[in-house]
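Step one of this worksheet: look at the structure below.
What follows draws every value from the coordinates through simple rules; no lab data is involved. The structure presented is a predicted model; accordingly, all values stated were derived computationally and were not measured. Please note: Cβ atoms are built from the backbone with ideal geometry, for glycine as well, and neighbour counts cover all protein chains shown.
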């Protein structure tokens, strides 16, 4: 390392340490007043139970004014407001991270410990000036999130997946597994579910691709959505599920219920972790098996990540057409490989060729989604599964996203291009009464 590079790194570390120290010192003075007000309000609000949220907010403001007049007249108006807002968030919501959760431009909130809170905005990770008092403060917020849905987090069960009332996905992990203190990650979901028009406006896919996927879902093709972490798979699954006709019976299966469908006939199932004695666990695989006895027209699995892949493929191959699911993979070909691995996790000594035949006959379409370097999310491939050729599953791309360059602000430009190949299942779409224009697949020369 050069002398200049070492100096630059040491300066950055010094500035960062000073910044963190400043936050901690400010927090120490701040928390003394905040803790006193919090305790005072808890005692006083017990005398005024049964109020609506609006009445409770008004009462908190009135009681806070009394507290500040009696206890600490040295605080400025701005300091009083800051303390009051923190206490409101603590009593009525999720503590210091509440403003981030309420900000519609924030996509994800990450708590690495009491003094480190980050958030994602417009595809960029930024550090927040919000801080928690200590590890116990973070734990209280985690408990407040997981308790209402029957989940728990403690030393015997130090990891938990949960959800907020609006469907936002929550993951928490605490010491001794998390070395810097309790860690909390919240993937936010829009209160109003995205529609296909939203995805088109975001540039996630083109109009032709949207119409094509609409027809495919309504024609009961089995579709897998593939992509990496944060690529938008669940949002796309929610949009594709909205294409399912209203008269069909839908069974959704998830680890933490996130899907928001508007159809009338929906049964939502959610897995359950083991209790404190290590018993009572209900896995995704158990729910997939059970769903087959529930007379589903469609089975929608939030994410396939283990042995349930075998049951899902068998369901797709035994009359449950039109099933939808997601899986982690970097390309359509990688998804096929991952499914093979997940089927083997079921514990059966199946020949690889038999597994591939199951996959090839079960899945009709793979929708590959990616989060690009500029933070935007794009459907990069729509790929048809053609079948087997020898011992290899044959795939063919119908649409691909091609990058064409970057604009001055760093945003990636590109276009969605049909490959010119008409899918093999076109006849099935037309038999279902849908017109398949040649323009959907017309390639540029």
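Computing Cα extents along the principal axes in Å for the structure here picks out one of (i) 62, 58, 43; (ii) 65, 51, 40; (iii) 79, 59, 42, namely (iii).
Taking every Cα-Cα distance in the stretch 248-331 and sorting them into 10 Å bins from zero, the calculated P(r) comes out as 17, 51, 27, 5, 0 percent. Whole-percent P(r), the stretch 96-190, all Cα pairs, 10 Å bins from 0: 17, 52, 28, 2. Over the stretch 27-92, the pair-distance histogram of Cα-Cα distances with 5 Å bins from zero comes to 3, 17, 33, 26, 13, 6, 2 percent, rounded to whole numbers.
A viscosity of 1.306 mPa s and a temperature of 10 °C, combined with the Kirkwood radius over Cα pairs in Stokes-Einstein, give a translational diffusion coefficient for the stretch 367-445 of 109 µm²/s. The relative contact order of the chain comes to 10 percent, based on Cα pairs under 8 Å that sit 6 or more residues apart. Please determine, in degrees from 0 to 90 and to the nearest 10, the orientation of helix 352-362 with respect to the longest principal axis defined by the Cα atoms of the chain, where the helix direction is its Cα long axis. Compared with the principal axis, the helix lies near 90 degrees. Sequence-distant contacts, meaning Cα pairs under 8 Å at least 6 residues apart, place the relative contact order of the stretch 96-190 at 28 percent.
When only alpha carbons are used to place a centre, the stretch 95-161 and the stretch 271-338 end up 29 Å from one another.
As I understand it, the value is the acute angle between the Cα axis of helix 332-344 and the longest principal axis of the Cα atoms of the chain; what does it come to in degrees, rounded to 10? So the helix axis and the longest Cα principal axis differ by about 80 degrees. Note on the stretch 196-441: antiparallel DSSP beta bridges, both residues inside, total approximately 50 percent of the bridges counted.
Only DSSP H runs of four or more residues enter the estimate; each adds -39500 (n - 2.57), and after division by the residues of the chain the mean residue ellipticity at 222 nm equals -12000 deg cm²/dmol. Most tightly packed first, judged by the mean number of other beta-carbon atoms within 10 Å of their residues, the peptides 92-100, 180-188 read 180-188, 92-100.
Considering only beta bridges that DSSP places wholly inside the chain, some 70 percent are antiparallel. Plainly put, the stretch 406-445 has a radius of gyration that is 1.24 times its Kirkwood radius, both from alpha-carbon atoms, as the Rg/Rh ratio. Peptides 124-130, 296-302 ranked from most to least packed by the mean count of surrounding Cβ atoms within 10 Å: 296-302, 124-130.
With a ≥ b ≥ c taken as the square roots of the eigenvalues of the C-alpha gyration tensor of the stretch 196-441, please select rounded if a/c is under 1.5 and otherwise prolate if a/b is larger than b/c or oblate if it is not? Rounded. Computed from Cα atoms, the angle from the helix 53-71 axis to the main principal axis of the chain rounds to 30 degrees. Dividing the Cα radius of gyration of the stretch 59-143 by 2.2 N^0.38 Å, with N the residue count, gives 1.23.
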